[in-house]
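First up is the structure itself, then whatever we jot down about it.
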């Protein structure tokens, strides 16, 4: 009968761990330095790898569902616009969400060069070659005991987005991350020029 006066033991709270992978601006620049100083790379691979790193870091697109499948034709269409945004099709996104991806001014000219003398149906990036190259290089990340991998480009965009105050709705849309719910399913439909403008408020001042 005294049980009502006894305080039951409180459950132990499980501490949620923050990700062990931290990717910084310096890490991205270090990857680019490795690319440009690797004499074993052909010029075509060196240039292609650098643009891949820059575009991936600036946009945070998923490597194996999006970056791997972008075509020259899609890129040409994006670069023909005053405010360049790449239109990603549903089948090129892990969660099957069509979306616009702003092309940062830092990579516009380089991406135009990538299109030279290539067919519209060709893939833009040599993703598998880049993945194998990073495996051999074992480039250390500066703030954790890890080596750089291709998916760290997306992680950088997410993490650096916090640093630069990337607006949450725009971030969710461009990354297609955290876009479940009624709002995204029935109400939100960003226009490409608005996606670009909001994105550039956060990312425009960063030069990798």
Scan segment 147-168 residue by residue and report those that are in contact (Cβ under 8 Å) with a residue 60 or more places away in the chain and within 13 Å of the chain's Cα centre (by Cα). 150, 151, 152, 153, 154, 155, 156, 157, 158, 159, 160, 161
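Answer with yes or no whether residue 171 is touching a strand residue (DSSP E or B) at 6+ places or on another chain (Cβ under 9 Å) and either closer than 20 Å to residue 88 by Cβ or modelled with pLDDT under 95 (or both).
Working: touching a strand residue (DSSP E or B) at 6+ places or on another chain (Cβ under 9 Å): no; either closer than 20 Å to residue 88 by Cβ or modelled with pLDDT under 95 (or both): yes.
Answer is no for this residue.
Matching residues to (1) crowded, with 19+ Cβ neighbours inside 10 Å; (2) closer than 28 Å to residue 194 by Cβ:
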{"residue": "141", "(1), (2)": "yes, no"}
{"residue": "152", "(1), (2)": "yes, no"}
{"residue": "164", "(1), (2)": "no, yes"}
{"residue": "175", "(1), (2)": "yes, yes"}
Are any of the residues in segment 17-36 touching a helix residue (DSSP H, G or I) at 6+ places or on another chain (Cβ under 9 Å), closer than 16 Å to residue 125 by Cα and either at pLDDT 95 or above or surrounded by 16 or more Cβ atoms within 10 Å (Cβ to Cβ) (or both)? yes
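Looking at residue 76, is it outside any helix (DSSP H, G or I) and either touching a helix residue (DSSP H, G or I) at 6+ places or on another chain (Cβ under 9 Å) or within 23 Å of residue 200 (Cα to Cα) (or both)? Lay out the reasoning, then the answer.
Values: outside any helix (DSSP H, G or I): no; either touching a helix residue (DSSP H, G or I) at 6+ places or on another chain (Cβ under 9 Å) or within 23 Å of residue 200 (Cα to Cα) (or both): yes.
It is false that residue 76 is outside any helix (DSSP H, G or I) and either touching a helix residue (DSSP H, G or I) at 6+ places or on another chain (Cβ under 9 Å) or within 23 Å of residue 200 (Cα to Cα) (or both).
Taking segment 98-151 on its own, how many of its residues are in a loop (DSSP other than H, G, I, E, B) and over 22 Å from residue 81 (Cα atoms)? Reasoning before the result, please.
Residues of segment 98-151 in a loop (DSSP other than H, G, I, E, B): 98, 103-104, 116-122, 124-126, 138-139, 141-146, 148-151.
Next cut, over 22 Å from residue 81 (Cα atoms) only: 126, 138-139, 141-146, 148-151.
Residues in segment 98-151 being in a loop (DSSP other than H, G, I, E, B) and over 22 Å from residue 81 (Cα atoms): 13 in total.
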Verdict on residue 39 being assigned to a helix (DSSP H, G or I) and either more than 19 Å from residue 111 (Cα to Cα) or modelled with pLDDT under 95 (or both): no
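Here's the yes/no breakdown for (1) crowded, with 16+ Cβ neighbours inside 10 Å; (2) free of Cβ contacts under 8 Å to residues at least 40 places away in the same chain; (3) on the phi < 0 side of the Ramachandran plot; (4) touching a strand residue (DSSP E or B) at 6+ places or on another chain (Cβ under 9 Å):
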site: 52; (1), (2), (3), (4): yes, no, yes, no
site: 78; (1), (2), (3), (4): yes, yes, yes, yes
site: 85; (1), (2), (3), (4): yes, no, yes, yes
site: 108; (1), (2), (3), (4): no, yes, yes, no
site: 114; (1), (2), (3), (4): yes, no, yes, no
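The values are calculated or read from the model by the stated rules, or taken from the named source; none is laboratory data. Source: prediction; values computed, not measured. We place every Cβ from the backbone using ideal geometry, glycine too, and count neighbours over all the protein chains shown.
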